[in-house]
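The values are calculated or read from the model by the stated rules, or taken from the named source; none is laboratory data. Keep in mind that what you see is a predicted model, and the values were worked out from it rather than measured. A quick note on method: Cβ atoms are made from the backbone with ideal geometry, for glycine too, and the neighbour counts reach across all protein chains shown. Areas reflect the complete protein model, heavy atoms only, side chains present, ligands, DNA and RNA absent. Shrake-Rupley method; radii C 1.70, N 1.55, O 1.52, S 1.80 Å.
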Amino acid sequence: MYIFPVSDDSSEGDRAVVRDSKLILKTYGLPMIFWGYLAAAFAVLLIMWLASHAVILKLLSYKEDPTLLFLGHLVQWTLILTPIVLLGFFFYEKVLEKKGQELTLTYKVFFIPFWRKSFHLTAKDSFIVNHFLDSPNMAKLRARQGIESAEAMKHFENKGYFELCIKTDKKASIAIDRHSRKADLVKMKDLLSKY
């Protein structure tokens, strides 16, 4: 859902930057339609808060009953933290920095890095695009066995997704991104291999 740019054109803005022969790629934000979904979720949570506020205060007033007190705090903190967590998905960013054989992967939420990992690659272009299919393709098997027609089952086939992996100097293969379109990952692989 969080997609990296696949070129270093100036049209990418701050999503693809080349500075001191270092390539910095940042994921795009979520599409605008998701902001509408977020607004709808916030409206529902606000209505829930307004409808349950008096009940929550009543539950919190029962100091002698720990179960009612716990229930009041649970509902209160759920209604407070849910909007913050939902908003965090909209301010999540993944950053790839590549220079020579060094690759750094950083995850940020609200522009604050919370996880950073650096890798030393075996070569400047040690990237591989792998196809990943985590479950058997039952629709294709049923069509092949003649149980269902191939045309009727075509849209139910599990196509899986593709992973962009790196080979590190420690002989490890680590997935750094995944996408449903192989062409985008191949372009990204070529772009990262240039720097």
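Here the condition is being modelled with pLDDT of 90 or more and of a type in the set (D, E, K, R); of Lys117, Lys154, Lys140, Lys182, it holds for Lys117 alone. Counting only residues that are in contact with a Phe, Trp or Tyr (Cβ under 7 Å, 6 or more places away or on another chain) and among the hydroxyl-bearing types (Ser, Thr, Tyr), the range 3-27 holds 2 of them.
State whether one or more residues within the range 20-33 are in contact with a Leu (Cβ under 9 Å, 6 or more places away or on another chain) and part of a helix (DSSP H, G or I). Within the range 20-33, none of the residues are in contact with a Leu (Cβ under 9 Å, 6 or more places away or on another chain) and part of a helix (DSSP H, G or I). Just to be sure, is Lys117 more than 19 Å from the chain's Cα centre (by Cα), closer than 30 Å to Asp177 by Cα and surrounded by fewer than 16 Cβ atoms within 10 Å (Cβ to Cβ)? Spelling it out, it is not the case that Lys117 is more than 19 Å from the chain's Cα centre (by Cα), closer than 30 Å to Asp177 by Cα and surrounded by fewer than 16 Cβ atoms within 10 Å (Cβ to Cβ).
Annotation: of all residues in the range 5-19 being exposed (fewer than 10 other Cβ atoms within 10 Å of the Cβ) and part of a helix (DSSP H, G or I), the one that is modelled with the highest pLDDT is Asp14. When each of Ser126, Ser135, Ser149 is tested for being modelled with pLDDT of 85 or more, over 17 Å from the mean Cα position of the chain (by Cα) and either open to solvent by less than 50 Å² (accessible area, probe 1.4 Å) or farther than 19 Å from Pro5 by Cα (or both), the lone residue that passes is Ser126. Whenever a residue of the range 49-71 is under 18 Å from Thr82 (Cβ atoms), its partners that are β-branched (Val, Ile, Thr) and surrounded by 11 or more Cβ atoms within 10 Å (Cβ to Cβ), lying with C-beta atoms within less than 7 angstrom and at least six residues away or across chains, give the pairs Ser52/Val75; Ile56/Val75. Take the conditions (1) open to solvent by less than 40 Å² (accessible area, probe 1.4 Å); (2) under 14 Å from Tyr92 (Cα atoms); Phe34 misses just one of them, which is (1). Here His73 clears all of (1) out of contact with any Leu (no Cβ under 8 Å at 6 or more places or on another chain); (2) assigned to a helix (DSSP H, G or I) except the condition numbered (1). When Lys98 is tested against (1) of a type in the set (Lys, Arg); (2) open to solvent by less than 30 Å² (accessible area, probe 1.4 Å); (3) in a helix (DSSP H, G or I), just one condition goes unmet, and that condition is (3).
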